[in-house]
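Worksheet: one structure, shown below.
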Amino acid sequence: GGISENRNAAIRAAVGEVIACTDAGCLPEPGWLEALAKPFESGADWVAGFYRPEGKTTASTAAGVVMMTVLEEVDMDHFLPGGSSQAFTKAAWETVGGFPEGINAGEDTLYGEQLRAAGYRPDFAPDALVAWHPPSSLEEMADKARLWGEADGINRVRTGAYLRVIAAYWILPLVALVAAFFVPFLGLAILAAFVAMIIFRTRFKYRWVPGWSRWFLVPIAHVRQQLSQSLGFLEGFGLGNLFKKVAGRVLRPVRRLLPESWMQSLAAEPRPLRHNVDVRLENETLVARWLEDTPATYRVGTRGPKPGDAVVQATVELRPGLEPAASPVAVSLPEALLQDLADEPQILEDPVASYAALRQSGHRYSLVPSPGGLTSRKDPIVGAGSLVVLAAVPIHDVGGGSRGAQIAQEAASRNMHVTYVSRFDAAESVDLGLRFIHPRLEETGIGEFDAGSFLARDPQGPRIALVEFPHRDFKPIVEELWSNGFRVVYDLIDDWDDATLGGWWYDHEFVEWLVAHTHVLTASAPSLVRSLREKSGRDVIEIPNGVNARIFDVDAKRAVPRDLPPGNGPLIEYHGSLYGNWFDWPAVSGVARAFPDARIVLIGDRPRRIPELPRNVHLLGLKPQGALPSYLAQTDVGLIPFVVSKTTHAVSPLKAFEYLAMGVPVAAPPLEPLEGLDSVHTNTDLVEAVRRAMAAPRPDGHVALARHGWGERLGRLLTELDVELPPPGRPVRVEVHPILHYAREDRIIK
């Protein structure tokens, strides 16, 4: 369970009448429990302890003091103790029903609000201290603050306070900026008032931070925390998309003048770790340092690798809170990976290439720090051509089903060497542990990709760069590939002019430059073709989304998934994203009510807020793409519940082709990209579309696969480049290796 679920289970099992609690990562100081328990002797029901930040750096300590209330700021009429240091009677806990379950942050704040609402007031025990390890950087602080704000927004807590923060920290600086253009004196006056407010609000915090740098670190941390937490509140409240749309439009004209970190705060890029590593060290001093400075996916110890372990000897630059940067000088590969690479001597002979293959495959490995090392891959690129895909997110995002991921897999399975470069990390809330394994497939983030080193490996055959995501950070890569003989394709897959989609990162000037530096323009939907044609004055090739022939095989025998809801009524299924204002929840509810015997199954990453739905609607969560055919084999109607809008008219629904390939008729609103597709039944009333799909014969999956397979789509693209489609070869293998996060006591290798 989550924090609240586990806390409540512990409290139910406790035999005492007074419950004291702290948080993971906090260290109670001597006398903590005695000071916390003493007020109960005088009849207290609830006691608030206190905490002090213990950061390793000045920036970390500054982050801590701005996230917490310091002693001089405590107002017991409003103060709420955190989960890190408080105590209460079991009777008080029972009165409010325990800690609120079903939320992943801010549960202690909501619990405190519920206790106050029930008439309880905490006694203050300032000597009941815990040492709290704050985030190691301002970036981590901003991420945590955003989570807190999001939880408050979901729970509708302190709405008035957040509205005041939005007015003071978002609107006031914007007014100062606008005023500076027209009445400079007024703009400066408003800016001075803003600075004075910050100094006043942080006046008690400076003495808690050592060093002269506190005088600028504290106010900077304070502003960043307020911005991040209020943005999280808006997202939790359900106004995040609207705010981003407005902020994106307002900030676009000046985005080049603003720090990239400010703009990225609007996107909240998560940084998931996808590797389990055992670090083998020389002494206990190093173990202690590594234990503090590496994430919970790492184990450390002085014992050597066990027989059969994959081992990497590497130089290591330790960065607090981040994964170590490793440059291997020797790699021992597990037997399974050696078999995969048996016909690839150029990879096996290059330690860095072997290490990259090891990480990509998801195998656990041991890291042995050592001096010296290499910095980049040197293995030559071989195959039936080289394809570089510049994409938004990694291949494993959204279960591995994105357009760029599908094109990359199809090309690799036809013996082309594919280098897949993503701008952002995965956005899904759960990492399924998917690993895409093929000797011709390399995955990397933009920060790790060096075009010069890549070109030094001498890509052979036709050389193609596919820009799927028009982020301006890709410009240096496109420039270098263009000047070294790569044919550049710009593939327009969404209406990026819509600020909800394009957001802060979209740069019109870069897109104009990109269009001028491409050999071929493609788009996934008719409206996108027209839009790109008007902007460029050039021919644009329509290449709709497709279906993976190696996964969606209608003839394959499949077991019935265990989590399918029982029943004999028709099964109506949707898989894909459940986020965004384009998903039509009322239409889903309407279908469920119109067909009460039907089982409505929604497969996708669960959104933060879900409206109340009829009982025959079942959310099964995110699934890997390879699991979807087992559900579709049981499905009677494939659903596309989209709101009809300019945005959805520009979408080529990949799931429609997957439904058809599995012999499932489709019910959808009248979207332009679906016009003319056999067995796709459209109507402005989704209930009527479902009724028609139920009455219609099932489509021929073999015909649909031949028409809409990714092989056909890739062939269409290559034809425009005067390149012949290579024959099928070894398919990309998909394995599941979930990442493990260890408890602190389990991170020591004994």
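Numbers below:
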{"item": "Fraction of beta bridges assigned by DSSP in the chain that are antiparallel (%, nearest 5)", "result": "25 percent"}
{"item": "Compactness of the chain - radius of gyration and Dmax, Cα, Å", "result": "28.1, 86"}
{"item": "³J(HN,Hα) computed for each position of the stretch 295-312 - Karplus, 6.51 cos²θ - 1.76 cosθ + 1.60, integer Hz, glycine/proline x", "result": "x, 6, 8, 9, 10, 9, x, 9, 6, x, x, 7, x, x, 5, 6, 10, 10"}
{"item": "J(HN,Hα) series, the stretch 460-475, from Karplus relation 6.51 cos²θ - 1.76 cosθ + 1.60, nearest Hz, glycine and proline x", "result": "9, x, x, 10, 10, 10, 9, 8, 8, 10, x, 8, 5, 5, 7, 4"}
{"item": "Mean accessible surface per residue for the stretch 400-497, computed with a 1.4 Å probe while every protein chain stays in place, in Å²", "result": "29 Å²"}
{"item": "In degrees, nearest ten, helix 526-536 long axis to first principal axis of the chain (Cα)", "result": "90 degrees"}
{"item": "Sequence of Tyr742, Tyr490 from largest to smallest accessible area, 1.4 Å probe", "result": "Tyr742, Tyr490"}
{"item": "Amide H partners (placed H, <5 Å) of Gly709, local residues excluded", "result": "Val547"}
{"item": "Kirkwood hydrodynamic radius over Cα pairs of the stretch 29-171, then Stokes diffusion coefficient at 20 °C and 1.002 mPa s, in µm²/s", "result": "131 µm²/s"}
{"item": "Sequence-distant residues sharing a close amide H with Val488 (under 5 Å, placed H)", "result": "Ala465, His519, Val520"}
{"item": "Solvent-accessible surface ranking, highest first, for Thr69, Thr285, Thr202 at 1.4 angstrom", "result": "Thr285, Thr69, Thr202"}
{"item": "Residue-level accessible surface for Tyr111, protein heavy atoms, 1.4 Å, Å²", "result": "0 Å²"}
{"item": "Three-way shape label, the stretch 621-697, alpha-carbon gyration tensor, a/c 1.5", "result": "oblate"}
{"item": "Rounded to whole Hz, the Karplus (6.51, -1.76, 1.60) HN-Hα couplings of the stretch 410-418, x for glycine and proline", "result": "5, 5, 5, 5, 10, 6, 7, 7, 10"}
{"item": "Estimated FRET transfer efficiency (Asp497, Glu34; beta-carbon r; R0 51 Å; 0.05)", "result": "0.20"}
{"item": "Extension gain from Asp473 to Asn568, taking 0.36 nm per residue of separation minus the Cα-Cα distance", "result": "29.0 nm"}
{"item": "Where Tyr120, Tyr169 fall by accessible area, highest first, once all protein chains stay in place (1.4 Å)", "result": "Tyr120, Tyr169"}
{"item": "Qualifying trypsin sites (Lys or Arg not before Pro) for the stretch 551-606 [loop in DSSP, other Cβ within 10 Å: at most 16]", "result": "Lys557, Arg558, Arg562"}
{"item": "Degrees, to the nearest 10: 3-13 long Cα axis against longest axis of the chain", "result": "50 degrees"}
{"item": "Ile3 accessible area, assembled protein chains, probe 1.4 Å, Å²", "result": "90 Å²"}
{"item": "Residues with amide H under 5 Å from that of Gly621, placed H, sequence gap 5 or more", "result": "Gly604"}
{"item": "Degrees separating the helix 107-117 axis from the principal Cα axis of the chain, which is the longest one", "result": "50 degrees"}
{"item": "Residue pairs, from the table Lys306/Lys750; Lys56/Lys750; Lys623/Lys646; Lys56/Lys205; Lys90/Lys144; Lys38/Lys90, whose Cα atoms sit over 20 Å apart", "result": "Lys56/Lys750; Lys623/Lys646; Lys90/Lys144"}
{"item": "For the stretch 109-167: rounded, prolate or oblate by the Cα gyration tensor [a/c cutoff 1.5]", "result": "oblate"}
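The values are calculated or read from the model by the stated rules, or taken from the named source; none is laboratory data. Note that the structure is a prediction, hence the values are computed from the model and not measured. Heads up, the Cβs are rebuilt from the backbone with ideal geometry, glycines too, and the neighbour counts pull from every protein chain shown. These area figures cover heavy atoms from the full protein model, side chains too; ligands, DNA and RNA do not enter into them. Shrake-Rupley method; radii C 1.70, N 1.55, O 1.52, S 1.80 Å.
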